[in-house]
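Down below is the structure, laid out as structure tokens.
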Amino acid sequence: MIKRISIQSAIVLFGSLITGLAFNSFNPGGIALLAVGHSTSAAASGNTPTSDEILSKPGRTLSLAETHVLFENKAAVFIDARPPSFYQAEHIQNAISVYYKTAGLNPALDRLKKTDPYVVYCKGPNCNQAQLLAETMHKAGFTKIFLFPGGMQEWRLVQYPMDRTP
């Protein structure tokens, strides 16, 4: 009896997993399942994509190289989703602070154009604050949101430009 229940439970669990993965892969707002640093874009083949190529696919995650292209070309507004104290200590140069927990009440968000491109980031690959802020922005009508999951951790590691408070 217990063996039969265990087998049935495993079948239901496996079926649910397959159904969830299938749904996620066809959902444009689905969760990115590729690890940071893996890209299906031109960057993966060794070609540096242009800002226009990167911006042509809103709603996706960006590699460090793609994020840097947008930064260098001033092609997007960078938004730090971390708490204000973290932002004040250091952030990507010229980024603005929109704390994910108070995004709906943040006047900075109200002043942003909903059709401009935005790169949202937080601490690093194990941080979901950028994802949560991107979801809030999407619900508020923003149409060109990109996630940089490497966040401050990757940006700092390669010593790209940052603003710091001494």
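Considering each of Lys113, Lys144, Lys101 in turn, give the residue that is surrounded by fewer than 18 Cβ atoms within 10 Å (Cβ to Cβ) and within 20 Å of Lys57 (Cβ to Cβ). Even if it seems obvious, please write down each step before you answer.
Values: Lys144 fails: surrounded by fewer than 18 Cβ atoms within 10 Å (Cβ to Cβ); Lys101 fails: within 20 Å of Lys57 (Cβ to Cβ).
Testing whether each residue is surrounded by fewer than 18 Cβ atoms within 10 Å (Cβ to Cβ) and within 20 Å of Lys57 (Cβ to Cβ) leaves just Lys113.
Please name all residue pairs, on different chains or six or more residues apart, with Cβ atoms under 6 Å, provided the first residue is in the range 146-166 and is free of Cβ contacts under 8 Å to residues at least 60 places away in the same chain and the second residue is surrounded by fewer than 22 Cβ atoms within 10 Å (Cβ to Cβ) and of a type in the set (Phe, Trp, Tyr).
As it stands, the answer is none, since no pair meets every condition given.
Looking at Ala108, Ala130, which one is over 18 Å from Arg60 (Cα atoms), assigned by TED's automatic domain parsing to the domain that holds Leu70 and assigned to a helix (DSSP H, G or I)?
Details: Ala130 fails: over 18 Å from Arg60 (Cα atoms).
Sole residue among the options that is over 18 Å from Arg60 (Cα atoms), assigned by TED's automatic domain parsing to the domain that holds Leu70 and assigned to a helix (DSSP H, G or I): Ala108.
Just checking, how many residues over the range 133-152 are in contact with a Lys or Arg (Cβ under 6 Å, 6 or more places away or on another chain) and part of a helix (DSSP H, G or I)?
Looking only at that region, the number is 2.
Among the residues of the range 114-125, is any basic (Lys, Arg), within 16 Å of the chain's Cα centre (by Cα) and outside any strand (DSSP E or B)? Can you show your working first?
Residues of the range 114-125 that are basic (Lys, Arg), as a first pass: 114, 123.
Next, from what is left, pick out any that are within 16 Å of the chain's Cα centre (by Cα): 123.
Restricting the remaining residues to those that are outside any strand (DSSP E or B) gives 123.
Checked against the condition, which is being basic (Lys, Arg), within 16 Å of the chain's Cα centre (by Cα) and outside any strand (DSSP E or B), the range 114-125 yields at least one hit.
In this structure, is Ser56 loosely packed, with under 13 Cβ neighbours inside 10 Å, under 18 Å from Asp163 (Cβ atoms) and not hydrophobic (A, V, I, L, M, F, W, C)?
Details: loosely packed, with under 13 Cβ neighbours inside 10 Å: yes; under 18 Å from Asp163 (Cβ atoms): no; not hydrophobic (A, V, I, L, M, F, W, C): yes.
It is false that Ser56 is loosely packed, with under 13 Cβ neighbours inside 10 Å, under 18 Å from Asp163 (Cβ atoms) and not hydrophobic (A, V, I, L, M, F, W, C).
The values are calculated or read from the model by the stated rules, or taken from the named source; none is laboratory data. None of these values were measured; they are calculated from a predicted model. Cβ coordinates were reconstructed from backbone atoms using ideal geometry, including for glycine residues, and neighbour counts include every protein chain displayed.
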